[in-house]
1. Per residue of the chain, what 222 nm ellipticity follows from adding -39500 (n - 2.57) for every DSSP H run with n ≥ 4, rounded to the nearest 500?
2. Would you mind getting me the FRET efficiency between residue 6 and residue 92? Use the beta-carbon distance for r and R0 = 22 Å, nearest 0.05.
3. Hey, rough spin-label estimate for residue 115 and residue 22, points 7 angstrom out along Cα→Cβ, what's it come to in nanometres?
4. What's the FRET efficiency of residue 75 with residue 47 using the Cβ-Cβ distance as r and R₀ = 22 Å, to the nearest 0.05?
5. For an R0 of 30 angstrom, estimate the FRET efficiency from the Cβ-Cβ distance between residue 29 and residue 57 and round to the nearest 0.05.
6. Relative to the longest principal axis of the C-alpha atoms of the chain, give the angle of the C-alpha long axis of helix 81-90, reported between 0 and 90° and rounded to the nearest 10°.
7. Here are several values of Cα Rg over 2.2 N^0.38 Å: [x] 1.51; [y] 0.93; [z] 1.05. Which one was derived from the coordinates shown?
8. For the stretch 11-57 and the stretch 63-107, write down the distance between their C-alpha centroids in whole Å.
């Protein structure tokens, strides 16, 4: 099954042969595999937003022609169309933001019982930045920074 997850160009000939034998027995799996890597190729090779939009639209048409139920995925693509195409402007993902969001969830789970928001913000800043080790801020400086972050977020989110 590991071979199923690897990029086709990274497979050895015997691994490719084994996958093709699997796809002969389970053709639907082969369709899914090939469509998956075609979609990945769009993100690897599209040079600009216009060519990416055309390629993704072509991929959607191909997915619909496959007679498999891709509709939930296609609906998600269409619902996030602008955000997906934004990737092709600067080739940046939301990975760092998602990582911070995950850290926030972890800190909130570990900090169960913390009753003061400034304490939670201090824990979050310490955990996300490892500030005490990397940049040498004192706890008071971190608390001040956390307060400024909190103020900034409070103005944006109510």
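1. Only helices count here, giving -24500 deg cm²/dmol.
2. Values: r = 25 Å, r/R0 = 1.14.
Efficiency, from the Cβ-Cβ distance: 0.30.
3. According to this spin-label approximation, the distance is 5.5 nm.
4. Working: r = 27 Å, r/R0 = 1.22.
Computed FRET efficiency for residue 75 and residue 47: 0.25.
5. Working: r = 25 Å, r/R0 = 0.83.
So the FRET efficiency works out to roughly 0.75.
6. So the inclination is approximately 80 degrees.
7. Read-out taken from this structure: [x].
8. Computed from Cα coordinates, the inter-centre distance equals 18 Å.
Quick note: the coordinates plus some simple rules give every number you see, no bench work behind them. On a predicted model such as this, the values are computed, not experimentally measured, just so you know. Don't worry about glycine lacking a Cβ; one is built from the backbone with ideal geometry, like all the others, and counts go over all protein chains shown.
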